[in-house]
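Reading through the structure tokens given below for one structure.
The values are calculated or read from the model by the stated rules, or taken from the named source; none is laboratory data. Please read these numbers as outputs of a predicted model, since none were measured by experiment. A quick note on method: Cβ atoms are made from the backbone with ideal geometry, for glycine too, and the neighbour counts reach across all protein chains shown. In case anyone asks, the SASA skips ligands and DNA or RNA and just uses the protein heavy atoms, side chains included. Shrake-Rupley method; radii C 1.70, N 1.55, O 1.52, S 1.80 Å.
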Amino acid sequence: QQQVKQSPQSLIVQKGGIPIINCAYENTAFDYFPWYQQFPGKGPALLIAIRPDVSEKKEGRFTISFNKSAKQFSLHIMDSQPGDSATYFCAASRGGGYNKLIFGAGTRLAVHP
Amino acid sequence: KAGVTQTPRYLIKTRGQQVTLSCSPISGHRSVSWYQQTPGQGLQFLFEYFSETQRNKGNFPGRFSGRQFSNSRSEMNVSTLELGDSALYLCASSQQPSSYEQYFGPGTRLTVT
């Protein structure tokens, strides 16, 4: 029940394409779903996050779609650029003062020029 | 505002030795969490500290321990190192346990030979 399943494992798109990364969870106590971006040699950087009371959130070229009934959420990157090439992690945590993030396995994205 | 800093950035140790890693959170952040990142297991939660108290612990052996100081800086210690402890150790800070956003440092790359 603690798992977060992420797919695909890797993704290749052309510049300007819209990569989509999907995550699914089981624990209905989760109430915070962030996405992190990690470049080689760096720590994960918080990209965007969503709470279950909204179905979509946009920040710049990044959009999270959230389906509470299906227990799924996804990241869309609009107008992808070569600089977006990185590993993306979805995660989940529950409230009540518990800061433990449960991470998906990661998606390695390559955006070709 | 400066980000999360971790020292040292790289470390090479021998099996059986012990190691101490240090983390300074973002100024004003009082909660510090530690994660282990490996290619095989991904990102896994180690423990969380707030007000010098461990609030949460992941599923790791007792060889992994930590502490937090009154200035919110944190250290983690691994005793009797094993080859499998080779990993990137990441520290994340948040304002307080009830704050969902966690910001990661660059990590300490530990290699055990």
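Of note:
- B:GLY84 being modelled with pLDDT of 95 or more, more than 10 Å from chain A (Cβ to nearest Cβ) and loosely packed, with under 13 Cβ neighbours inside 10 Å: yes
- Positions within the range A:85-110 being more than 14 Å from chain B (Cβ to nearest Cβ) and open to solvent by less than 10 Å² (accessible area, probe 1.4 Å), in sequence order: A:LEU109
- Pick from the range B:89-107, criterion outside any strand (DSSP E or B) and open to solvent by less than 40 Å² (accessible area, probe 1.4 Å), ranking: farthest from the other protein chains (Cβ to nearest Cβ): B:SER99
- In the range B:13-44, the residues that are under 30 Å from A:GLN9 (Cβ atoms) and either hydroxyl-bearing (Ser, Thr, Tyr) or open to solvent by 50 Å² or more (accessible area, probe 1.4 Å) (or both): B:SER33, B:TYR35, B:THR38, B:PRO39, B:GLY40, B:GLN41, B:GLN44
- Residues of the range A:25-46 that are closer than 12 Å to A:PHE89 by Cα and either more than 11 Å from chain B (Cβ to nearest Cβ) or in a strand (DSSP E or B) (or both): A:PHE33, A:PRO34, A:TRP35, A:TYR36, A:GLN37, A:GLN38, A:ALA45, A:LEU46.
- Any hit, the range B:90-110, residues being farther than 19 Å from A:PRO34 by Cα, in contact (Cβ under 8 Å) with a residue 40 or more places away in the chain, in contact with a Leu (Cβ under 6 Å, 6 or more places away or on another chain) and among the hydrophobic types (A, V, I, L, M, F, W, C): yes
- Search result, residues across the range B:45-60 that are closer than 12 Å to A:LYS100 by Cβ and open to solvent by less than 60 Å² (accessible area, probe 1.4 Å): B:PHE45, B:LEU46, B:PHE47, B:GLU48, B:ASN56, B:GLY58
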